[in-house]
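Encoded as structure tokens, the structure appears first; notes follow it.
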Amino acid sequence: MSKRTDSNGYTLLFAIGMVLVVGSLLAFTASSLKGRIDANKKIERQQNILYAMGVNDNEGGSLAFVEKSKVQSEFSKYIKKQLVIEGSKVSEDNKAYLIDVKKQQTSAKAGNIRKLPLFVGEKDGKAFYIAPIRGKGLWDAIWGFVAMDKNMVVQGVFFDHKGETAGLGANIKQRYFMDDFAGEDLMNNGSFKGITVAKGNNDPKNEEKNDNEVDAIAGATITGDGVSAMLKSELRQYVPYFKTLK
């Protein structure tokens with residue numbers, strides 16, 4: 001008697017078998033590539049940190065990170081300390097760049113003390129304090145790194161996103177938007193105010209640096225609001241540390 005391959009049972013078993021085979025292959029591939037994926041994530045974070053403090057290969061209007069082959073040496077050259085802030089406790093940790101900001105946000109919502117990474121860099125005799133931040137855009141997560149001086153005046157930023165609209169919200173990653181933040185003061189009369197991405201900003205050339213505002217991206221109001229909220233909620237966490245630098 002020949003096997004019937006058109007029965008529901010056979011179809012079900014075949015489907016289960018294919019799922020197991022494909023799942024095993026994907027798991028094996030992911031496991032095999034984990035080391036390479038982790039290394040690439042490490043390089044990307046270090047590139048972003050360096051970019052925010054002005055260590056990059058930008059020319060003209062283009063955006064260019066430090067080459068991958070140079071990242072490790074440049075990171076060691078410019079980043080002098082990696083700190084972890086936990087409440088009033090500040091400690092050095094040379095793997096602070098591996099702290100998952102998203103997980104720390106979730107942990108803080110559960111009532112735990114959040115670990116805040118902070119990278120202390122030096123360039124041309126000037127100190128930079130670079131903080132990683134994360135928030136919500138229109139469609140998905142947005143994140144970045146903000147470089148500040150000891151007075152919480154922004155020296156440079158880098159923003160990225162997971163799924164903002166191309167040509168609109170995705171432009172938070174464009175130089176013309178990110179460059180506007182340099183020189184903006186996060187403080188106002190001694191109190192933390194943050195920076196608002198303002199649609200009604202009357203300073204399109206961004207010459208006023210004490211108004212706590214930068215010009216918005218046309219057609220990307222919700223993403224801009226997400227950037228504003230991210231800057232305010234995330235960087236406010238660092239104010240107690242910066243007060244110790246006075």
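The values are calculated or read from the model by the stated rules, or taken from the named source; none is laboratory data. Source: prediction; values computed, not measured. Cβ placement follows ideal geometry from the backbone for every residue including glycine, while neighbour counts extend to all protein chains displayed. These accessible areas exclude ligands, DNA and RNA; they are computed on the full protein's heavy atoms, side chains included. Shrake-Rupley method; radii C 1.70, N 1.55, O 1.52, S 1.80 Å.
For the chain, what does the accessible surface come to per residue with a 1.4 Å probe? Please give it in Å². Don't jump to the answer; show the numbers that get you there.
Details: 14160 Å² over 246 residues.
Per-residue value: 58 Å².
In a shell of Cβ-Cβ distance under 15 Å around Val66, excluding Val66 itself, what net charge do Lys and Arg (+1) and Asp and Glu (-1) give? Each step should come with its number before you reach the end.
Numbers: positive: Lys42, Arg45, Lys68, Lys70, Lys77, Lys123; negative: Glu44, Asp57, Glu59, Glu67, Glu74.
Net charge around Val66: +1.
Tell me the carbon and sulfur percent of the accessible area for the chain, rounded to whole percent, probe radius 1.4 Å.
That fraction is 53 percent.
Is the shape of the stretch 59-215 rounded, prolate or oblate, going by the alpha carbon gyration tensor and its root eigenvalues a ≥ b ≥ c, with a/c under 1.5 for rounded and a/b larger than b/c for prolate? Present the calculation step by step, with values, prior to reporting the outcome.
Working: a/c = 1.32, a/b = 1.23, b/c = 1.08.
Rounded.
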